Structure formats: C-alpha cells, structure tokens
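The values are calculated or read from the model by the stated rules, or taken from the named source; none is laboratory data. All figures in this text were calculated on a predicted structure; none of them were measured in a lab. Here the Cβ positions follow ideal geometry from the backbone for every residue, glycine too, while neighbour counts run over all protein chains shown. What goes into the accessible areas is simple: the full protein's heavy atoms, side chains included, and nothing from ligands, DNA or RNA. Shrake-Rupley method; radii C 1.70, N 1.55, O 1.52, S 1.80 Å.
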Amino acid sequence: GRVGARPVLAITFAANAVSVSVPVAGPELGTLFTFRRLTRQGADPALAGWSLLAGGLVSAVTGALLVAGGGLSSGSTVVAAAAAPAGLLAAAALGLVAAAARWPRLLRLLERPAGWAARRAGPLARRFAEDPGQAIRAWTGRLGALRLSPSGWAAVTGLGLVNWLADAAVLAVSIRAAGAAVPWHLLLLIYGSGVAAQSLTITPGGLGVAEGTLGLALVTAGLRAGPALAAVLLYRLVSFWLMAGAGWLIFLRLRSWRSGAPAERRPVRPGPVPGGGRAGVAS
C-alpha cells in the first residue's frame with residue numbers, strides 16, 4: 001500500500017515526540033500512536049503492524065551494524081563483539097517473520113505463543129483489540145498476503161542505515177561548530193555510546209545521562225572539556241529538543257484535525273507482489 005510522504009512524516013515526528021518525552025512508557029506509546037494513525041490513513045491492522053515490526057527490526061539491525069562498525073574503526077573488538085548479538089537477534093527475528101509469511105505451517109505454530117503474550121500484555125494490548133488473541137489470529141491470517149521485494153528490503157535497510165548516519169553527522173558538525181577537531185576514528189563509537197545511554201535510561205530522551213555520556217566520551221577522545229560540552233549541548237539541541245518540539249507541534253495539529261472533522265479513511269492502494277498477486281506494503 002502507498003501512504004503519502006507528508007502524512008508519514010507527520011506521524012513519525014509526532015510519534016518521536018511522544019517516544020522521547022514520556023518517561024518509561026514513551027516508546028510503547030509512540031508505537032501505539034503510529035499504529036493508530038496508520039490505520040486512520042487506511043492501512044488495515046495487519047499491514048500497520050507488519051510495517052512497525054519490520055521497520056523496528058531493520059532499525060535495530062542497522063543500529064547494531066553502526067555500533068559494530070564504530071568498534072572496528074576504533075580498534076575496539078570488544079564493542080564490535082558486544083553489538084553483534086543484538087544485531088543477529090534482530091536479524092533472526094526479522095527472518096522468522098519473513099519465513100512465517102511464506103510458510104503457513106510455521107505461521108500457525110507462532111499463533112499460540114503470540115496470542116499468549118498478547119493476552120498478558122495488559123491494558124496496552126487491549127487498546128489494539130478487545131480480544132488480543134483473536135487479533136493475533138486475524139493478523140497472522142493476513143500476514144501471508146504481505147510481501148516486500150528484495151529491492152524493497154534493500155531500500156528499507158539502506159534508509160535505516162542512512163537515518164543513523166545522518167544523526168551521527170549532526171554530532172560531527174556540532175563538534176566542528178564548537179571549534180574542535182572531529183575524532184573520526186572514534187566518532188561512531190562515541191555516537192553509539194550516546195544512543196545506548198539514551199535508550200537504557202528512564203529519563204525522557206535520556207536527558208542528563210546522554211549528555212554526560214557523550215561529554216565524557218568526547219573528553220576521553222581528546223577534546224577539551226569546554227568544546228566537548230558545547231558540542232554535546234548543540235547536538236542535543238538539534239537532535240532532541242528541536243525534533244521533540246517540532247513533533248509536539250505536529251502532534252497537537254493532528255489532534256486538532258481529529259477533533260474538528262472526522263478523519264477520512266483513504267483506502268490504501270495495493271502494491272505489486274513478486275510472483276503475481278497484490279498485497280499492501282507500507283512505506
């Protein structure tokens with residue numbers, strides 16, 4: 001299926017704002033918001049769920065590749081080895097979902113544990129459906145019709161990697177703007193440490209912890225404390241505060257549209273599927 005770039009960008013900015021601003025439950029609420037907005041755009045629940053699952057797993061795989069590359073470029077094989085299991089686990093999960101879409105027997109084997117987990121997910125799962133188990137069965141029944149061509153997978157993976165690299169480039173430009181030399185051989189490792197600190201802390205967007213981690217990593221890489229602090233604050237201003245602020249403005253605008261007039265559910269146009277037939281593929 002094809003959803004326009006403008007609504008997808010609006011949904012992404014708004015969901016990112018929710019994800020980084022709400023403590024503890026922010027990522028889950030951001031995912032739920034994206035799911036609901038995609039279904040309002042006309043995607044059926046299976047298509048929206050598949051898009052979120054595939055996109056999240058690809059993001060995890062490419063993020064692990066980035067950290068592993070940073071470890072190798074800095075000569076730290078320990079970091080590269082530590083990042084490898086996370087990337088392999090995400091890649092295995094993605095491969096399992098892709099295989100289940102092609103082999104109905106494997107899909108039926110996965111229905112029971114998925115339904116069991118959904119029933120025990122609590123109120124959040126019931127926001128998706130009254131009976132999570134029935135929703136899982138409907139989702140798996142639809143999953144067999146969803147396909148993404150090899151070129152589509154290549155595009156999704158490439159864009160996922162570019163997304164991480166673009167954010168790392170913001171850090172590099174911030175270091176230059178602070179008047180310091182960019183430690184290129186350590187840049188990805190430093191950036192990966194900041195991302196890890198942001199994702200593992202319970203503060204919104206890793207506030208405080210991410211800044212401290214990045215600042216300490218830059219000082220360890222040879223920057224003086226003053227330029228390192230300036231670079232970190234500039235980087236966080238752009239990548240966290242400005243992104244979150246823009247996202248909340250878009251979120252409020254989307255909410256005002258929703259409360260003003262009923263949203264028009266535009267049908268998602270089916271996309272071509274390798275080997276004949278047609279099925280929805282989310283952008």
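Points worth noting:
- Residue in region 134-146 that is at pLDDT 80 or above and open to solvent by less than 70 Å² (accessible area, probe 1.4 Å) present: no
- Selection status of VAL232, in contact with a helix residue (DSSP H, G or I) (Cβ under 8 Å, 6 or more places away or on another chain), under 16 Å from LEU171 (Cα atoms) and open to solvent by 30 Å² or more (accessible area, probe 1.4 Å): no
- Residue that is most open to solvent (accessible area, probe 1.4 Å), among those in region 5-54 that are free of Cβ contacts under 8 Å to residues at least 24 places away in the same chain and more than 17 Å from ARG255 (Cα to Cα): PRO27
- Candidates ALA210, ALA178, filtered to the one that is buried (at least 20 other Cβ atoms within 10 Å of the Cβ), farther than 29 Å from LEU52 by Cβ and at pLDDT 90 or above: ALA178
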